[in-house]
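> For reference, the structure I am asking about is given below.
What follows is calculated from the coordinates using simple rules that are stated; it is not laboratory data. No experiment lies behind these values; they were computed from the predicted model shown. Note that each Cβ is placed from the backbone with ideal geometry, even for glycine, and that neighbours are counted across all protein chains shown.
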Amino acid sequence: MIRKIGVIGAGQMGHGIAHVCALAGYEVHLADLEQSRLDQAIERIGGNLDRQIRRGLIDEAKKSEALSRISTGTDYAEFSDCDLVIEAATEDESIKREIYKKLIPHLRSDAILASNTSSISITRLASATDRPNRFMGLHFMNPVPMMSLVELIRGIATDEDVFREIRELAVKLGKHPVAAEDFPAFIVNRILLPMINEAVYTLYEGVGSVEAIDTAMKLGANHPMGPLELADFIGLDVCLSVMQVLYDGLADSKYRPCPLLVKYVEAGWLGRKTSRGFYDYNGPDPIPTR
């Protein structure tokens, strides 16, 4: 039975996962490389809980209880009593493998290990651990507290009882779990990221401006957010990483990352998190950069 959950990575996804787990009644240990990042994460969790209070979804007591269930630290030894550890580090396979190498000596033999990867092979990640049968993909959507979908991905060696236990956890977190096969980018990003990449090609080829492309897709396809605005929200580095995984994993030229997307990432224009991407966020209103 899962009672205590560890989360590695206090970024946007990691602190969102910690938020929903603590709100659902689980003890949570959140870890990152620096305590300052953890302090910022707790502050963001508090702010997001306040938003839920304003919407009437929770009350002050629920907020206090959730925050009291979250501990933080930089030492992997603190995961020794966790029943499940969810890795939510940046979408870089070498970084994830290094985390598992440092983490595994501190885990109980029966602990489940999961990755929040949005695109990387679960079977390959599992092979870097001592427990491929107790390893699987648990891919939350961003922003975690608001999005109901969770993709569940078995590796080739994942035990069926582990899959069932994680599925039950997802339901207890108030999420809607969907099983995806272990193919590059799974379901959502297999469909979503090529659309975003095509929108960048549309911009690159001069078919439309940033504003025209986003307006066309919002009004013409009833999308709540234009694809370039969405790319900025996701992070252009993440978009590029997923496209590269698709291109490398499926060997199909239709997944070739747009050169303009590569150029923006090389420039450090990663979207909202750097205040500049396809839009400039430094002023009161976002301004298209092309």
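> Express the relative contact order of region 150-234 as a whole percentage, based on alpha carbon pairs under 8 Å and six or more residues apart in sequence.
Rounded, it is 22 percent for region 150-234.
> Could you list which residues have their amide H under 5 Å from that of Thr289, counting only those 5 or more apart in sequence or on another chain, with H placed in the peptide plane?
Result for Thr289 returns Tyr279, Asp280.
> In addition: Can you tell me how region 189-288 classifies by the Cα gyration tensor, rounded, prolate or oblate, using a/c under 1.5 as the rounded cut?
oblate
> Follow-up. I'd like the FRET efficiency for Thr289 and Val171, computed as 1/(1 + (r/R0)^6) with the beta carbon distance as r and R0 of 45 Å, rounded to 0.05.
0.60
> In whole Hz and in residue order, list the ³J(HN,Hα) couplings for region 203-217 that follow from phi through the Karplus curve 6.51 cos²θ - 1.76 cosθ + 1.60, θ = phi - 60°; x for Gly and Pro.
In residue order, the calculated couplings are 5, 4, 8, x, 5, x, 7, 3, 5, 5, 5, 5, 5, 4, 6 Hz.
> Then there is this: Normalised by the empirical 2.2 N^0.38 Å for globular proteins, what value does the Cα Rg of region 4-180 take?
Cα Rg divided by the expected 2.2 N^0.38 Å: 0.96.
> Please compute the modelled spin-label separation between Asp130 and Val188, points set 7 Å along Cα→Cβ, answer in nm with one decimal.
So the label points at Val188 and Asp130 sit 3.3 nm apart.
> Treating only the Cα positions of region 36-90 as identical point scatterers, give the base-10 log of I(q)/I(0) from the Debye formula at each q in 0.18, 0.23, 0.24, 0.27 Å⁻¹.
Debye intensities relative to I(0), on a log10 scale: -0.75, -1.01, -1.04, -1.12.
> May I ask for the distance between the Cα centers of region 160-178 and region 1-63, given as a whole number of Å?
19 Å
> Ok, one more. Provide the net charge surrounding Phe183, with neighbours chosen by a C-beta distance below 14 Å and charges set as Lys +1, Arg +1, Asp -1, Glu -1.
-2
> Moving on to the next point. So for the chain, averaging the separation of alpha carbon pairs under 8 Å that are six or more residues apart and normalising by length, what relative contact order in percent results?
About 13 percent, as a whole number.
> Quick one: putting +1 on the C-beta of Lys and Arg, -1 on the C-beta of Asp and Glu, what dipole do you get for the chain around its Cα centre, in Debye to the nearest 20?
With only Lys, Arg, Asp and Glu charged at Cβ, the dipole is about 300 debye.
> Would you please state which residues of region 190-208 a label at Val178 would reach in this model, taking the label point 7 Å out along Cα→Cβ and a backbone N cut-off of under 13 Å?
Taking a point 7 Å out along Cα→Cβ of Val178, the residues of region 190-208 whose backbone N falls under 13 Å are 190-193.
> Hey, can you grab everything whose amide H is under 5 Å from the amide H of Ala24? Only 5+ residues off in sequence or another chain; H modelled, so Pro and N-termini drop out.
none
> Over the chain, with a Gaussian network built from C-alpha contacts below 10 Å, which listed residue (Glu91, Glu60, Glu78) shows the highest mean-square fluctuation?
Taking springs between Cα atoms under 10 Å, the residue moving most is Glu60.
> Work out from phi, with θ = phi - 60° and the Karplus expression 6.51 cos²θ - 1.76 cosθ + 1.60, the ³J(HN,Hα) of each residue of region 155-163, listed in order in whole Hz, and give x for Gly and Pro.
So the J values, rounded to whole Hz, are x, 5, 9, 4, 5, 5, 5, 5, 4.
> When the helices in the chain are scored as -39500 (n - 2.57) per DSSP H run of 4 or longer and the sum is shared across all residues, what 222 nm value do you end up with, to the nearest 500 deg cm²/dmol?
The helix-only estimate for the chain comes to -13500 deg cm²/dmol at 222 nm.
> Oh, and also: Show the residues, 5+ positions off or on another chain, whose built amide H is closer than 5 Å to the amide H of Leu84.
Amide H neighbours of Leu84, under 5 Å, 5+ apart: Lys4, Gly6, Ile112.
> Still on this structure, please answer the following. Identify, among Ser64, Phe79, Leu173, the residue whose Cα sits farthest towards the positive end of the charge dipole of region 4-180, taking +1 on the Cβ of Lys and Arg and -1 on the Cβ of Asp and Glu, with the dipole about the Cα centre.
Leu173
> Report ³J(HN,Hα) in whole Hz for each residue of region 17-26, in order, from the Karplus equation J = 6.51 cos²θ - 1.76 cosθ + 1.60 where θ = phi - 60°; Gly and Pro get x.
Calculated HN-Hα couplings, in order: 5, 4, 4, 5, 5, 5, 5, 7, x, 8 Hz.
> In percent, what relative contact order does region 189-288 have, based on Cα pairs under 8 Å that are 6 or more apart in sequence?
The normalised contact order for region 189-288 reaches 26 percent.
> If the chain between Ala212 and Asp161 were fully stretched, how many nm would it gain, using 0.36 nm times the residue separation less the Cα-Cα distance?
Full extension from Ala212 to Asp161 adds 13.5 nm.
> Around Gly11, with a cut-off of 15 angstrom between Cβ atoms, what is the net charge of the other residues, counting Lys and Arg +1 and Asp and Glu -1?
-3
> Between Asp92 and Leu219, take the C-beta separation as r, use R0 = 35 Å, and let me know the FRET efficiency to the nearest 0.05.
0.45
> Using a cut-off of 10 Å between beta-carbons, work out the net charge of the residues near Ile53 (Lys and Arg +1, Asp and Glu -1, Ile53 not included).
+2
> Take region 81-221, compute every pairwise Cα distance, and split them into 10 Å bins from 0; I just need the percent in each bin.
Spelled out per bin, shortest first, that is 11, 36, 29, 14, 9, 1.
> Let me ask something else about it. Give a quick list of GluC sites (Glu not before Pro) in region 7-46 that DSSP marks as loop, anything other than H, G, I, E or B, with at most 11 other Cβ atoms within 10 Å.
Here the GluC sites (Glu not before Pro) that fit, given the DSSP loop and packing criteria, are Glu34.
> Also, quick follow-up: For a test of the definition: using alpha carbon positions, the gyration tensor, and the 1.5 limit on a/c, classify region 1-46 as rounded, prolate or oblate.
prolate
> In the Gaussian network model of the chain, springs joining C-alpha atoms below 10 Å, which of Gly25, Gly14, Gly268 carries the largest mean-square fluctuation?
It is Gly268.
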